[in-house]
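Working notes, structure below.
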Amino acid sequence: MAQVTAFDVARYFIARSTDSEDEGISHLKLQKLIYYAQGYHLALYDTPLFQEEIYAWMHGPVCPDVYRKYKANKANPILEPSDDDFTKIFNQNQIELLDEIYSVLGQFAAWKLRDLTHAEPTWKNHEADASVIPHDEMREYFKTRLN
């Protein structure tokens, strides 16, 4: 299997949002789901899901590479059809994790997810200088969030 990228994770969540009763996913919400996917993957498997970095920006954690790709959508839903065979991109554990994140956190509005991330130390510790949120900090924080 090839190395998973943040774009793969984004496409997965976009596909989930258009395959369900939802009508697409906003850019802000997509960023937060990507952040949670990375954090929980680090906590569960001690390894990043993808290599792209996540930064603490004004409206919460953001993967700048994904931000640049979808920023033109602004607050509008991203409706990007996907014919990806995600079983060739993700292993079974990763698919189960992404599905769980989408099912639990995907039900919340973008601004609710933004507010949730603003209460977390991983964002708070870096928001003043909009710096990278280190993997080790994400791993340690999300380990405290596991049941």
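Only the coordinates and a few stated rules stand behind these numbers; no lab work does. Fair warning: this is a prediction, and the values are worked out from it, not measured in the lab. Cβ placement follows ideal geometry from the backbone for every residue including glycine, while neighbour counts extend to all protein chains displayed.
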Checklist outcome for this item: Which of Ile14, Ile25, Ile95 fluctuates most in a GNM of the chain (C-alpha springs under 10 Å)? That residue is Ile95
Checklist entry - How far, in nm, would the chain grow between Thr87 and Lys71 when pulled straight, counting 0.36 nm per residue and subtracting the alpha carbon separation? => result 3.0 nm
Checklist entry - What FRET efficiency would be calculated for the residue pair Thr144, Glu52, taking the C-beta separation as r and a Förster radius of 25 Å, to the nearest 0.05? => result 0.55
Checklist entry - Which FRET efficiency value, to the nearest 0.05, is calculated for Asp99 and Ser131 with the Förster distance at 35 angstrom and r the Cβ-Cβ distance? => result 0.70
Item to check | Charge sum, other residues only, whose C-beta stays under 13 Å from Lys88's C-beta, Lys/Arg counted +1 and Asp/Glu -1 | outcome: -3
Checklist entry - When the chain is modelled as a GNM with alpha-carbon springs shorter than 10 Å, which of Gln107, Gln94, Gln38 fluctuates the most? => result Gln107
Item to check | Linear extension gain, Leu79 paired with Ala109, 0.36 nm per residue minus alpha-carbon span | outcome: 9.1 nm
Checklist entry - Each residue of the stretch 32-41 in order: what ³J(HN,Hα) in whole Hz does its phi give by Karplus 6.51 cos²θ - 1.76 cosθ + 1.60, θ = phi - 60°, with x for Gly and Pro? => result 5, 5, 4, 4, 5, 4, 5, x, 6, 5
Checklist entry - Two-decimal Rg/Rh of the chain from alpha-carbon positions, Kirkwood Rh? => result 0.93
Item to check | Highest average packing first - 54-67, 131-144, Cβ atoms within 10 Å | outcome: 54-67, 131-144
Item to check | 5 angstrom amide H check on Gly24, placed H, neighbours 5+ away | outcome: Thr18
Item to check | 3J(HN,Hα) from dihedral phi, the stretch 63-79, Karplus parametrisation 6.51/-1.76/1.60, rounded to Hz, x for glycine, proline | outcome: 9, x, 4, 5, 4, 4, 5, 10, 4, 5, 6, 6, 8, 6, x, 8, 10
Next on the checklist: Connecting C-alpha atoms closer than 10 Å in a GNM of the chain, tell me which of Phe13, Phe90, Phe108 has the biggest fluctuation.
Outcome noted: Phe108
